[in-house]
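The values are calculated or read from the model by the stated rules, or taken from the named source; none is laboratory data. Here the structure is a predicted model, which means the values were calculated and not measured. Cβ atoms come from the backbone with ideal geometry, glycine included; neighbour counts cover every protein chain shown. For the accessible areas, the whole protein counts, side chains as well, though only heavy atoms, and no ligand, DNA or RNA atoms are used. Shrake-Rupley method; radii C 1.70, N 1.55, O 1.52, S 1.80 Å.
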Amino acid sequence: ELRRLLQVLEAAGIEVLVLKGAGLLLSLYESFECRPMSDIDLLVRPEDAPRALQVLQHEGCRPGQDLIRDDYFPRFYYETELVGGSLRPVRIDLHAHPFRPLRYMRRIPAAAFLDQSVRVQRQDFYARMPRPERMLLHLCAHAAFHGGTRTIWLFDILHFVERFGDRLDWDYLLTDASAWGLLPAVQQAMRATTTTLGPFLPKPFASQLPQKKGHWQDRLILRQAPRDAGRPVRHLFINWLTTPGFRFPTH
C-alpha cells in the first residue's frame, strides 16, 4: 500500500517523505515483525497538501477522523487522517508540518525536512526520508510531544543511534534543535531512552546535551502537549501564548 501511495503522489509531481514506522522499516528494521505499526505517515509541502488530498481521495482513500473544521488542515493543524487500502483498511496520516504544536509551524521552515531528504532503497522499492539527523530529531520530538511513554518509540531512538550514530553530524542535530526550539523535546526523549534502555549516546554528545538551555515557551509546550486532548482550553491558550507573530500561517 505504501508503494502504491508513493507512486500516485510521485506521478502527480508531489514530493513526499516517509516518516516514523514506515520509514524505519525501509531503513532500519529487517521486517514488519521487528517493528509493528498501525498507520502510514507521509509528509508533503504545505502548499501541496490540498492537491495531495485530492490525489489520494481519487485513488480511493476516504477521510478518516474529522477535524473541527475542514480548513484547519494545513493552516492550523499539522496532519489529516485518511483510510485507504485495497485489501484491508490502512490508516494514512498525511502531514503538512512535522509536529503538532502550532509554535513549530512558525519556527520550522515549511520545507526543511523535504529540502535535505535522502533516498532509501530496499530491493526494488524506494522512498525518500529526512536526512538522518533530522529523522532522529523527528523521532525524539514525536516521542516527547506524546509524553515519551511508549517503549516502542524509545527503541526506535536507540536502534537508530546504534545503526547510524557513527555517521551522524551531532552538531548539526543540535543546531537544528536549538534554532527550531526543540531542545527540551530532544533532551526529554533521550533522557527517557537512557533511563529505560540504558546509555546509548556518544559520550561527547551525552555530556553536552544537558548543558543546553531551551526557551521557557518550548518547555511549556512540552509539558502541555501530551495533555492537549484532555485540556483543550489550556491547549488553545498555550498556542496563543507561544506561537510567534500576530498572524497564523497561511499554509
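The table that follows gives values for the structure above.
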item: Which of Val55, Ala229, Ser31, positive extreme of dipole for the chain (C-beta unit charges); result: Ala229
item: Neighbourhood charge, 13 Å Cβ-Cβ cut-off, centred on Leu197 and excluding it, Lys, Arg +1 and Asp, Glu -1; result: 0
item: Alpha-carbon centroids, region 189-247 and region 1-55: separation in whole Å; result: 26 Å
item: Accessible area expressed per residue, region 173-251, with surrounding protein chains retained (probe 1.4 Å, Å²); result: 60 Å²
item: Per-residue [θ]222 nm for the chain (sum of -39500 (n - 2.57) over DSSP H runs n ≥ 4, rounded to 500); result: -14000 deg cm²/dmol
item: FRET E, pair Val118, Val233, Förster distance 45 Å, beta-carbon r, rounded to 0.05; result: 0.65
item: Simple spin-label estimate for Glu59 and Thr195 in nanometres, 7 Å along Cα-Cβ; result: 4.0 nm
item: Heavy-atom surface of region 1-91, accessible at 1.4 Å and reported per residue (Å²); result: 53 Å²
item: Cβ-derived FRET efficiency at R0 22 Å, Tyr126 paired with Glu33, nearest 0.05; result: 0.50
item: Neighbourhood net charge (15 Å Cβ-Cβ; Lys/Arg +1, Asp/Glu -1) for Val83; result: -4
item: Label-point separation, Glu47 to Asp166 (7 Å along Cα→Cβ), nm; result: 4.2 nm
item: Distant-in-sequence amide H partners of Ile40 (H built 1.01 Å from N, under 5 Å); result: Arg91, Ile92, Asp93
item: Net charge contributed by nearby residues that have their C-beta within less than 15 Å of Leu42 (K/R +1, D/E -1); result: -3
item: Of all accessible heavy-atom area on region 102-202, the percent that carbon and sulfur account for (1.4 Å); result: 49 percent
